[in-house]
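The values are calculated or read from the model by the stated rules, or taken from the named source; none is laboratory data. Being a predicted model, the structure only gives us computed values, none of them experimental. All Cβ positions, even for glycine, are placed from backbone atoms using ideal geometry, and neighbour counts span all protein chains on display. When the accessible area is computed, the model is the full protein with side chains, heavy atoms only, and any ligands, DNA or RNA have been set aside. Shrake-Rupley method; radii C 1.70, N 1.55, O 1.52, S 1.80 Å.
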Amino acid sequence: MKLGKTFKHALNMVLHSRLRSWLTILGIVIGVASVIAIVSLGQSLQSSITSSLSGLGGDIVTVSPGAARGGDFGPGRVDREISTTKATSKAVILDTTDYQVLKGIPEILYVQPQIRGNVNVSYLGKAGSVSVTGVDQKVWALVTTSTMAQGRFLDSADQNVVVIGGRLASSYFSQPVGINKMLTVEGGAFRVVGILNDQSTSIYMPIQMAFTVIPNKVNNQYDSIVLKIKDQDFLDDDLAIITQKLTVSRHVTNRTMDFSVTSQKEQQATRAAALSTMTTFLVAIAAVSLLVGAVGIANTMFTSVLEKTKEIGIMKAIGARNQDILLIFIFNSAIIGLIGGLIGVILGGIMSYFLPSLLSSGIPFVRGNLLTVVSLNSVFMALGVSVGVGIIAGIVPAYQASKLKPVDALRFE
Amino acid sequence: MASTTKEEEVLIELQDVWKIYQLGEVEVPALRGVSLQIKKGEFLAVVGASGSGKSTMVNLIGCLDTPTKGTLYLKSQDVTHMSESDLSSLRGKTVGFVFQQYNLIPTLTAYQNILLPLELQEFDDEEAHKRAEELLKLVGLGDKMGNLPTQLSGGQQQRVSIARALAANPEIILADEPTGALDSVTGKEVIDMLHRLWKNEGKTIIMITHDHHLAQYAHTRVELKDGQIMTVQKTVHEKEMKLYHRGD
Ligand SMILES: Nc1ncnc2c1ncn2[C@@H]1O[C@H](COP(=O)(O)OP(=O)(O)OP(=O)(O)O)[C@@H](O)[C@H]1O
Ligand SMILES: [Mg+2]
């Protein structure tokens, strides 16, 4: 029999046992959808981390108050930890002394103290709360890895001006915010001079303004100090030097260390590793459900072969060869796999679209502006896998069907 | 009739054929050394008591099963040593089956059922569709193309199965009690149809029947008993058969 006809008969078989086919398909749908959702969620988390700490930045080091902890997850967590530290212990701070110490280290090119907090902003009547970072406008542009989409970075003469994140400009308010528009930040008017080329809702302003704008900040006390070192090839050495100098100036020992020195590279690697461990784990769980789906297909196919024994006998009596029967059943299970895969991909796509917003409150390193994209690669892979799973699950029952002796099959009731 | 007297080609030959079924420890001999020659264009009736081995013999002839011992030639090919795949091809091309229980594929319409052997033999689409349509008309079911088997009466289903048996234009039609599930009137219609195929198209027909009246249609009668051939005899002359019918 020609392949086209074989396929037609296989499809006919799927359509004629609709309920059972659908139940089997459902098993695959669940497996594929969860794999797709988790993989694309993992991918977008990964890429959001790598883009926020872009490949540049190998020469960027951050000094923060509070002891270093393993497994820090992104800025959100860092903020929260700092504030907890502040609230519970005797004011662990970074101040101008630290600033001067860092300035005095020859391996450091730039020193950029900054503070951060949440503020109320409004634009044309629409208000919200976003994160604002006060930066030393003289060096910020030299230290940051962000790039400008429109306008310029902050200038040393700037006062009531801000640079804003891409999403804050494009879609946060009821209307897009353009260059030279006025934003209201904590009651004060600020002119937008630059829009960053990213998906954030952050605001950057001169640090002196930020001290007045962000609630509960003390002048000359910093939330972190960002450094750019001269040669990133000596990163490890430089980290040691910085740590050593601060340890001395802050009168602490290795055990009582009340600050941390981290490089962006390190953070990136730690986060990426933690993330990929978690993603792998979740994908493994999802893969198990796909496996269960495969067992479902095999089960359905065995039942179907049993149920169709007589038909197989008839087909053979009228000239069907073993390979015709084999292919009809393999196609049958491949079709089930394919349909399951297609629906699974669509469902997985929908899930991965909504998943970030569902999880963002629960997982600290997912911020609201995560953009999940189901890559074409994972779509093809999922379809390939589900068809493959269908075929593999169908092979044994199909082979069994094809080997039936015509007389025996015909006698079967 | 003329065809049978002219053509002496032996289409099917059984030489000392045995079929022994193994039921656990017990051996059940269903055929015990059957030898028989069937010529092209014959109309053969196989009769005998239940369990005498009729179906077993016909299944062997149709290559649905292989003999335990002995040799079977179909169109001068020794089928006892053929592969599954070759058997299927040979079967599909040369043999058409008509079963007591019709054995149509329940999920296919009458038309699709007739199309199936043509698809298996890889006829081209246009020809296959034309042929299936012609055959449905031939068996008088031109208006039932789209009906599923469950939407047809027994007699209609049997006619579809005859059309299906004819689809790939085989030389041999094997019919295992084709009227067994039908009332006598419908049964006779089916036999008439087979008879016409034999007479007009020169098909070789081998039919199992319990009904001695129906056996009269055949040209030769083979009687089986306990897995052995008891008698092979020419049946009554066609003229007499008509007389017989009149008196029926
Ligand atoms: N698969 C099988 N396994 C074991 N024994 C079998 C099998 N098929 C047939 N037999 C036995 O072989 C013998 C012949 O069976 P067969 O079906 O050929 O009889 P039959 O003449 O067609 O009878 P009926 O008129 O009832 O259809 C019987 O004794 C039967 O029990
Ligand atoms: Mg029988």
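Tell me whether segment A:189-198 contains one or more residues that are under 26 Å from A:Thr262 (Cα atoms) and either open to solvent by 60 Å² or more (accessible area, probe 1.4 Å) or not in a strand (DSSP E or B) (or both).
Checking segment A:189-198: at least one residue is under 26 Å from A:Thr262 (Cα atoms) and either open to solvent by 60 Å² or more (accessible area, probe 1.4 Å) or not in a strand (DSSP E or B) (or both).
More than 16 Å from the chain's Cα centre (by Cα) and either more than 12 Å from ligand 1 (Cβ to nearest atom) or touching a residue at least 60 places away in the same chain (Cβ under 8 Å) (or both): is that true of B:Lys69 in this structure?
So B:Lys69 fits the description; yes.
Return the only residue of B:Val79, B:Val58 being within 16 Å of ligand 2 (Cβ to nearest atom) and open to solvent by less than 40 Å² (accessible area, probe 1.4 Å).
Unique residue meeting the criteria: B:Val58.
Which condition number in (1) away from ligand 1 (no atom under 16 Å from the Cβ); (2) within 14 Å of chain A (Cβ to nearest Cβ) is the one that B:Glu42 fails?
Failing condition for B:Glu42: (2).
Looking only at segment B:82-101, count how many residues are open to solvent by less than 30 Å² (accessible area, probe 1.4 Å) and within 10 Å of another protein chain (Cβ to nearest Cβ).
Result for segment B:82-101: 10.
Six or more apart or on different chains, Cβ atoms under 7 Å: show the pairs whose first residue is in segment B:188-209 and closer than 14 Å to B:Gln158 by Cβ and whose second is open to solvent by 60 Å² or more (accessible area, probe 1.4 Å) and modelled with pLDDT under 90.
none
What residue, of B:Leu14, B:Leu31, B:Leu36, is within 16 Å of ligand 2 (Cβ to nearest atom) and either over 15 Å from the mean Cα position of the chain (by Cα) or away from chain A (no Cβ under 14 Å) (or both)?
B:Leu31
Looking at (1) in a helix (DSSP H, G or I); (2) within 14 Å of chain B (Cβ to nearest Cβ), find the lone condition where A:Leu306 falls short.
Every condition holds for A:Leu306 apart from (2).
Basic (Lys, Arg), at pLDDT 90 or above and surrounded by 14 or more Cβ atoms within 10 Å (Cβ to Cβ), is that true of B:Arg196?
Answer is no for this residue.
Of the residues that make up segment A:123-130, is at least one modelled with pLDDT of 90 or more and polar (S, T, N, Q)?
yes
Results for (1) closer than 30 Å to B:Thr150 by Cβ; (2) away from ligand 1 (no atom under 16 Å from the Cβ), shown as yes or no for each residue.
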| site | (1), (2) |
| --- | --- |
| B:Gly48 | no, no |
| B:Ser52 | no, no |
| B:Ser55 | yes, no |
| B:Asn59 | yes, no |
| B:Asp65 | yes, no |
| B:Ser83 | no, yes |
| B:Phe97 | yes, no |
| B:Tyr111 | yes, yes |
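Which of the residues spanning segment B:110-143 are more than 10 Å from chain A (Cβ to nearest Cβ) and either surrounded by fewer than 19 Cβ atoms within 10 Å (Cβ to Cβ) or polar (S, T, N, Q) (or both)?
B:Glu126, B:Glu127, B:His129, B:Lys130, B:Glu133, B:Glu134, B:Lys137, B:Leu138, B:Gly140, B:Gly142, B:Asp143
What residue, of B:Thr150, B:Thr186, is surrounded by fewer than 19 Cβ atoms within 10 Å (Cβ to Cβ), farther than 26 Å from B:Asp86 by Cβ and within 14 Å of another protein chain (Cβ to nearest Cβ)?
Answer to the selection: B:Thr150.
Considering only residues that are touching a residue at least 60 places away in the same chain (Cβ under 8 Å) and more than 10 Å from ligand 1 (Cβ to nearest atom), look in segment B:24-38 and name the one that is nearest to B:Met207 (Cα to Cα).
Top of the filtered list is B:Ile38.
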